[in-house]
There are 2 protein chains.
Amino acid sequence: MEITTIKDIARLCGVGVSTVSRAINNHPDINEETKEMIMKVIKENNYIPNNSARNLKRTDSKAIAVLIKGITNPFFSNMIKIFEKKIKEKKYSFILQHVDDREDEVDIAIELIKEKKLKGIVFLGGHFSHPDEKLRQLNVPFVLSTIATIEKLDKSLCSSVSLDDYKESYKIVDYLCKQGHKKIAIITAPLDDESIGTLRFRGYVSALRDNGIEVDKNIIGIMKSNIESYSMDNGYAVTKELLASGEEFTAVYAICDSMAIGACKAIFDYGKRVPEDYSVAGFDGLDLAKFYNPSITTIRQPVEKIAEETIKILFDVIGKKKLVEHKTFQGELVIGQSTGRI
Amino acid sequence: MEITTIKDIARLCGVGVSTVSRAINNHPDINEETKEMIMKVIKENNYIPNNSARNLKRTDSKAIAVLIKGITNPFFSNMIKIFEKKIKEKKYSFILQHVDDREDEVDIAIELIKEKKLKGIVFLGGHFSHPDEKLRQLNVPFVLSTIATIEKLDKSLCSSVSLDDYKESYKIVDYLCKQGHKKIAIITAPLDDESIGTLRFRGYVSALRDNGIEVDKNIIGIMKSNIESYSMDNGYAVTKELLASGEEFTAVYAICDSMAIGACKAIFDYGKRVPEDYSVAGFDGLDLAKFYNPSITTIRQPVEKIAEETIKILFDVIGKKKLVEHKTFQGELVIGQSTGRI
């Protein structure tokens, strides 16, 4: 006889379908012996619960949403996988919601809370500047994950997990200075940026000053607004202009790995070498940086740890173990082949 | 006076809030002059409709879902952006649903149709082998986009947009043969794979045979099951083994660009050069392939065109302009610096 449905299992066990369902779903409201017996029958009969349908149906009661800015950022890919895994382990369903650059993530979150009866929210990426009154409308726990908060945020209103972008940026620029570089070009966001761009730029400025180097505005390269931001194409275009400008520099610091790779390619196309003619450094620690030729010196963000801690804090707050928590991880300076001593 | 709400606009226009809403949403059921007047007032007062909330609320009535397998594939990133743009242009809301490798996308789609009252579905990526009876349960139009259909699929049941993976793979391997390579290693999926892996492998086999070259099973590298499939890490590990095996080969064809980049890195770490010692070719035409050093010879998939055509066909079927449509795009052989004549 072939066993295919939950009804067959219930009949074999002499219990109701809802009891089988409770056993499968780890529901607390079931006798432990009954549960064991049901799970044994399920196993013996190779019954596979229909997970997909189950997860979707569960959406109504227990869901966590991850609102992500910049879905095309390779940096987020691994984090999303970990979010999904950890949320499913907790028997919650996982909703991934993409937020457009022009959209207000808090508005979207407020709607989602109503529509999906969310139990918690992760805001992933981008920057975050909303009035406190607005944040108070979010009546479920939420965690800001790898989000730059330039403005003073009332830390009692939310939790956060991030890197100190200022400090890490300082670290890699300081490393370049210690390698003897005095003319370090930067590829960064527009200077009125309110996101990681500003923080990483400030780290660059401080590191130069502390090493007794004047900031030279002629070698500050600003991402092109007509090219996708933080992309290889953008790093390429900005570096090409820097090279053509005739300004002198011996190193390029791009505030993300993708732009650093674009910078390398522009240098090669200009007939020069990395690191013999120009050192190049990035930020993020993508796989890409490791596999590039030459491998890119970068700040590796501990993405797995950040993602795991984000979910841990979220469930701690949901479970009322704590009200809020703020955690800052250290980045790791990874010395690749793309930088050298001058 | 500051104008902030839709109510203010309605009051200024002397109409109801629902009329303003109809004007904003391009609803057909509104007098053209009234609409123009309202849009003028909106513009004059710099009123910005709350798009986010609007889109979410609209979910109930008009939504398209994109079900994606392999959200971490950089290949899909640009496609998702185009899907979102085109779907929003049509005033539909856009739902991105991630499907796990172990989940059944049709089950998920059936649930979503009920839950969200979907008007249409795009299945993106992966392979697709479901009994016809199951597909008939999908009672809204759907399009398979860049999906490998190995099994005979009843073409009257659905629409599709794709590349001919067999033919394109043949094209790039034939190119390597014509460059004088006779020992061409491949990095591919397990041979019982039912997805693009099999199609691209078959193209490799046919191209070799047509060039009078025996398939040598000792230089068929299979992705490691314990490493993320189609990743740089996997390409690296497989190539490392091929190099260490002592088998002779002069070219490596990886069935995706990420693995081709891993292959290059393994060759560099082995102390050899690309293309002087080994030619390397990939597939997909990622930005990465263009920016790598050396740039990677590859088959560029016209992702933008594929994405646009997918949405066009979906709306043609929704609008009953046609029942189904099947469209196959040509890939472009892009000759990079990673391959050379032997």
Can you find a residue in the range A:171-189 that is more than 17 Å from A:G336 (Cα to Cα) and open to solvent by 20 Å² or more (accessible area, probe 1.4 Å)?
-> yes
Selection from the range B:203-232 of residues small (G, A, S) and either under 14 Å from B:G262 (Cα atoms) or touching a Cys at 6+ places or on another chain (Cβ under 7 Å) (or both) yields B:A207, B:G221, B:S229, B:S231
Evaluation of A:D284 against (1) farther than 18 Å from A:F201 by Cβ; (2) more than 10 Å from chain B (Cβ to nearest Cβ); (3) open to solvent by 10 Å² or more (accessible area, probe 1.4 Å) (one fails), failing number | (1)
Being among the hydroxyl-bearing types (S, T, Y) and in a loop (DSSP other than H, G, I, E, B) is the filter here, so list the residues in the range A:301-342 that pass it.
-> A:S338, A:T339
Take the range B:301-323 and flag every residue that is touching a Lys or Arg at 6+ places or on another chain (Cβ under 9 Å) and open to solvent by 50 Å² or more (accessible area, probe 1.4 Å).
-> B:E308, B:K312
Of the numbered conditions (1) more than 14 Å from chain B (Cβ to nearest Cβ); (2) under 28 Å from B:I108 (Cβ atoms); (3) free of Cβ contacts under 8 Å to residues at least 40 places away in the same chain, A:P141 fails exactly one; give the number of that condition.
-> (3)
For residues that are farther than 24 Å from A:N73 by Cβ and not in a loop (DSSP other than H, G, I, E, B), tally how many sit in the range A:120-134.
-> 3
B:S160: assigned to a strand (DSSP E or B), within 22 Å of B:K312 (Cα to Cα), among the hydroxyl-bearing types (S, T, Y) and not assigned by TED's automatic domain parsing to the domain that holds B:Y236, yes or no?
-> yes
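Rundown of residues vs (1) touching a residue at least 12 places away in the same chain (Cβ under 8 Å); (2) open to solvent by 10 Å² or more (accessible area, probe 1.4 Å); (3) not acidic (D, E), yes/no style:
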site	(1), (2), (3)
B:S77	no, yes, yes
B:L96	yes, yes, yes
B:F123	yes, no, yes
B:H130	yes, yes, yes
Please find, among A:V143, A:V173, the residue that is outside the structural domain of A:K217 (by TED's automatic domain parsing) and modelled with pLDDT of 90 or more.
-> A:V143
Hits in the range A:21-64 (condition: modelled with pLDDT of 80 or more, of a type in the set (V, I, T) and within 38 Å of the chain's Cα centre (by Cα)) | A:I64
Matching residues in the range A:176-195 - criterion: being basic (K, R) and in contact (Cβ under 8 Å) with a residue 60 or more places away in the chain | A:K182, A:K183
Restrict the check to the range B:229-245 and report whether at least one residue is farther than 27 Å from B:L135 by Cα, open to solvent by 60 Å² or more (accessible area, probe 1.4 Å), within 21 Å of the chain's Cα centre (by Cα) and in contact (Cβ under 8 Å) with a residue 40 or more places away in the chain.
-> yes
Return only the number of the condition from (1) touching a residue at least 12 places away in the same chain (Cβ under 8 Å); (2) part of a helix (DSSP H, G or I); (3) open to solvent by 40 Å² or more (accessible area, probe 1.4 Å) that B:T198 does not satisfy.
-> (3)
Hey, can you tell me all the residues within the range A:247-298 that are part of a helix (DSSP H, G or I) and charged (D, E, K, R)?
-> A:D257, A:K265, A:D269, A:D287, A:K290
How many residues does the range A:102-128 hold that are in contact with a Gly (Cβ under 8 Å, 6 or more places away or on another chain) and modelled with pLDDT under 85?
-> 1
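Just to check your reading of the model, which residue among B:L208, B:L135, B:L163 is surrounded by fewer than 17 Cβ atoms within 10 Å (Cβ to Cβ) and either among the β-branched types (V, I, T) or touching a helix residue (DSSP H, G or I) at 6+ places or on another chain (Cβ under 8 Å) (or both)? Steps first, please.
Working: B:L208 fails: surrounded by fewer than 17 Cβ atoms within 10 Å (Cβ to Cβ); B:L163 fails: surrounded by fewer than 17 Cβ atoms within 10 Å (Cβ to Cβ).
Matching residue, one of B:L208, B:L135, B:L163: B:L135.
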Working only within the range A:287-300, note down all residues that are facing another protein chain (nearest Cβ under 8 Å) and under 17 Å from the mean Cα position of the chain (by Cα).
-> A:D287, A:L288
State which residue pairs qualify: first residue within 12 Å of chain A (Cβ to nearest Cβ) and inside the range B:265-278, second residue of a type outside the set (A, V, I, L, M, F, W, C) in any location, beta carbons under 6 Å apart, and separation of 6 or more residues or different chains.
-> B:K265/B:Y236; B:A266/B:Y236; B:A266/B:T239; B:A266/B:K240; B:I267/B:Y278; B:F268/A:N293; B:V274/B:P294; B:V274/B:S338
Residue check, A:G262 within 24 Å of B:I267 (Cα to Cα), buried (at least 24 other Cβ atoms within 10 Å of the Cβ), over 21 Å from the mean Cα position of the chain (by Cα) and assigned by TED's automatic domain parsing to the domain that holds A:A185 = yes
Please specify each residue of the range A:215-239 satisfying the condition of being assigned to a loop (DSSP other than H, G, I, E, B) and within 12 Å of chain B (Cβ to nearest Cβ).
-> A:I227, A:E228, A:S231
Can you find even one residue in the range A:100-119 that is within 11 Å of chain B (Cβ to nearest Cβ), without any contact (Cβ under 8 Å) to a residue 60 or more places away in the chain and in a strand (DSSP E or B)?
-> no
(1) under 13 Å from A:Y292 (Cβ atoms); (2) in a helix (DSSP H, G or I); (3) at pLDDT 95 or above: which one isn't true of B:L242, the others all being true?
-> (1)
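The values are calculated or read from the model by the stated rules, or taken from the named source; none is laboratory data. Everything quoted here is computed from the prediction, not taken from an experiment. Don't worry about glycine lacking a Cβ; one is built from the backbone with ideal geometry, like all the others, and counts go over all protein chains shown. SASA here: full protein model, heavy atoms, side chains in, ligands and nucleic acids out. Shrake-Rupley method; radii C 1.70, N 1.55, O 1.52, S 1.80 Å.
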